[in-house]
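In what follows, a single structure is set out as structure tokens and then discussed.
What follows draws every value from the coordinates through simple rules; no lab data is involved. Keep in mind that this is a model prediction, so the values were computed, not measured. Using ideal geometry, Cβ is built from the backbone for each residue, glycine included, and neighbour counts are taken over all protein chains shown.
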Amino acid sequence: MSDQPFSFTIPFPGFKPSRADNHIERHLSDLRGQFLDQHAYKTMLSEEDTLLYEVYEIKRPEIEGELLSGISIVHPGKVGNEFFMTKGHFHTILETAEMYYCLNGEGFMVMETPEGETFIEALSPGKVLYVPPRWAHRSVCTSRQEDLVTFFIYPGNSGHNYGTIEEKGFRKLVVENEKGIEIIDNPKFKE
Ligand code: F6R
Ligand code: ZN
């Protein structure tokens with residue numbers, strides 16, 4: 001891999017970076033067990049394994065001192081009354097942070113620490129969010145028709161721990177009910 005400086009562009013609209021070393025697509029089946037309404041989940045999955053979100057990664061060596069970046073695109077939609085969202089994760093090296101810059105759409109970043117502290121930040125174009133070390137993070141798209149698009153940057157040695165969230169879930173969920181968009185406690189959260 002070259003150590004020359006490099007640049008790329010993120011076109012508006014479209015948001016697909018002019019340079020991308022990897023394109024990840026995550027579907028409904030990748031979030032097994034995460035949505036609250038499992039009946040709605042199974043019914044939807046039996047019809048189609050819907051694409052929930054995509055990530056374009058700018059690859060660099062996964063070592064301390066490097067920065068990894070990319071674009072995350074969460075599509076609009078719901079499973080039951082819960083909005084489409086990313087799997088979410090802690091960083092394997094818990095003491096690593098991440099920055100997000102929202103480029104398009106509306107949504108939330110749902111965050112929590114291993115000790116049980118929670119924080120939810122609304123995302124809309126122009127919002128910059130600093131996710132400190134130790135905070136698990138998940139993006140949720142609440143737009144009706146638009147993608148939630150964010151640009152992210154994090155340390156090369158962070159790594160991803162998906163297992164903890166797959167097993168326990170997040171403490172908070174973003175749903176839509178008669179009152180509108182609401183943040184609720186996850187009744188299925190496992191301590
Ligand atoms: C990287 C990071 C984001 C997410 C992306 C997809 O540390 O937080 O790039 O990877 O938003 O979400 P996950 O990785 O949870 O599927
Ligand atoms: Zn992360």
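Taking 0.36 nm per intervening residue step and subtracting the Cα-Cα distance, what contour gain separates residue 118 from residue 60 on full extension?
Values: separation 58, 0.36 × 58 = 20.88 nm, distance 3.07 nm.
Using 0.36 nm per residue and subtracting the Cα-Cα distance, I get 17.8 nm.
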Item to check | Residues of type lysines that residue 78 reaches as a straight line, Cα spacing below 29 Å, ignoring anything fewer than 8 places off in the same chain | outcome: 16, 42, 87, 127, 168, 172, 179, 188, 190
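Looking only at trypsin sites (Lys or Arg not before Pro) in DSSP loops with at most 11 other Cβ atoms within 10 Å, what is the longest site-free stretch of the chain? Write out the running numbers ahead of the final one.
Working: sites that count: 144, 179, 190.
For trypsin sites (Lys or Arg not before Pro) (loop position, at most 11 other Cβ atoms within 10 Å), the longest site-free span of the chain is 1-143.
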Checklist outcome for this item: Treating only Lys and Arg (+1) and Asp and Glu (-1) as charged, each at its beta carbon, one finds that the chain has a dipole about its Cα centre, in Debye to the nearest 20, of 120
Next on the checklist: What distance in nm separates the two pseudo spin-label positions at residue 178 and residue 20, each 7 Å out from Cα along the beta-carbon direction?
Outcome noted: 4.2
Checklist entry - Restricting attention to the range 111-157, which chymotrypsin sites (Phe, Trp or Tyr not before Pro) occupy a DSSP loop and are surrounded by at most 10 other Cβ atoms within 10 Å? => result none
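Looking at the range 1-102, which chymotrypsin sites (Phe, Trp or Tyr not before Pro) are DSSP coil and have at most 13 other C-beta atoms within 10 Å of their C-beta?
On the way: sites: 6, 8, 15, 35, 41, 53, 56, 83, 84, 90, 100, 101; in loops: 6, 8, 15, 35, 84.
The qualifying sites are 6, 8.
I'd like the GluC sites (Glu not before Pro) in the range 1-108 restricted to DSSP loop residues with at most 16 other Cβ atoms within 10 Å, sorted by number.
Numbers: sites: 25, 47, 48, 54, 57, 62, 64, 66, 82, 95, 98, 106; in loops: 48, 62, 64, 66, 95, 106.
When the GluC sites (Glu not before Pro) of the range 1-108 are filtered for loop state and at most 16 Cβ neighbours within 10 Å, 48, 62, 64, 66, 95 remain.
Over the range 22-185, calculate the relative contact order: mean separation of alpha carbon pairs under 8 Å at least 6 apart, over the residue count, as a percent. Working shown, then result.
Details: 406 pairs, mean separation 43.7, N = 164.
Dividing the mean separation by the residue count of the range 22-185 yields 27 percent.
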Checklist entry - If each residue's Cβ is checked for other Cβ atoms within 10 Å, how do 69, 29 rank with the fewest at the top? => result 29, 69
Checklist entry - Working out 0.36 nm times the residue gap between residue 37 and residue 144, then minus their Cα-Cα distance, what length gain in nm do you get to one decimal? => result 36.6 nm
Next on the checklist: Taking amide H atoms as placed 1.01 Å from N in the peptide plane, list the residues 5 or more away in sequence, or in a different chain, whose amide H sits under 5 Å from that of residue 104.
Outcome noted: 149
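Quick check on the range 103-191: take the gyration tensor over C-alpha atoms, sort the square-rooted eigenvalues as a ≥ b ≥ c, and tell me if it's rounded (a/c under 1.5), prolate or oblate.
It is oblate, given that a/c is not under 1.5 and a/b is not larger than b/c.
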